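Trainee: Pasting in a structure now, in structure tokens, and then I'll have a few things to ask.
Every read-out reported here was derived from the displayed coordinates using simple, explicitly stated rules and does not represent laboratory data. These numbers were taken from a predicted model, which means no experiment stands behind them. Here the Cβ positions follow ideal geometry from the backbone for every residue, glycine too, while neighbour counts run over all protein chains shown.
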Amino acid sequence: MVNWIKWCKKITAIVGIFFIFTANSFCREYVFDNAGLLSTDTKIKLSAKLEKISEKTGSYSVIYTVNATNKTAKDAADDYLDELLNYKQGQNVEGSLILIALADMTGERKVHTSTSGTNTIATLTDIKISDLLDKFVEEYRKNASYDDALNAYVKKLEFYISGNSISPEDAAGGGLAGLIAMILAYFRNKKSYKLKQRNIPPIWKNTANHNFMPFDDEVIDRKVFYRELPSSSSGGGSGGSSTHSSSSGNTHGGGGRSF
């Protein structure tokens, strides 16, 4: 006889787990515009993009704005991200957050990116984060639009966090410049190698009348000198991610600046 009670408990447990994960996915927010810097349309579009990035990479990507914070932008960004990731001591939780603070504890307007998790920190290196922030500031300075600045940031974030190192516009520009340089080099080298024909007699005609006397060399002594060559050091920050610990004890990468 089938134990219906036992089966009902199993089904209830499975359905419960399903709804927990589904609710967690649907309830997640991606744009926390506490400072009211973004238009409604931009918030909707950025939320959709960040949700797509988060689901594709497994790294929870967030925008967070505040009018003011009594912390440095760095500490605030780390703490907001830890809170959103529900970080517990010793966990490896993947995520990234861009914080726009109209005034941090120094009174300056700051933008700061914080990263968490082994994969996210390794992917968003110091150089890439600097490039992301450059893009944000560059777009903002054009017409003081946070909508444009964050759209540009998220576009580049999507490209970088998907495992790429050169953006499409950079690749196109670099490819065109390389092609032009290659064409110019070809014609320059072709011109330089056009040598005038010269009537140079063969070498054997110049040496045919010379008499070469046989000779013997005697080895008197032999000395060998050895010198140790220093090995070159590898690594060292050019393509890596610098890290630090937040107040929760989580390891973070990131970077920021005033704008």
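Trainee: So for the pair Lys142, Asp41, with labels modelled 7 Å out along Cα→Cβ, what separation do we get in nm?
Mentor: Taking the two extended label points, one gets 1.6 nm.
Trainee: Further, regarding this structure: Between beta-carbons, use under 11 Å as the cut-off and find the net charge around Asp82, counting Lys and Arg +1, Asp and Glu -1.
Mentor: -3
Trainee: Can you give the extra length, in nm with one decimal, that the chain gains between Ile127 and Phe32 once fully stretched, where that is 0.36 nm per residue apart less the Cα-Cα distance?
Mentor: 31.6 nm
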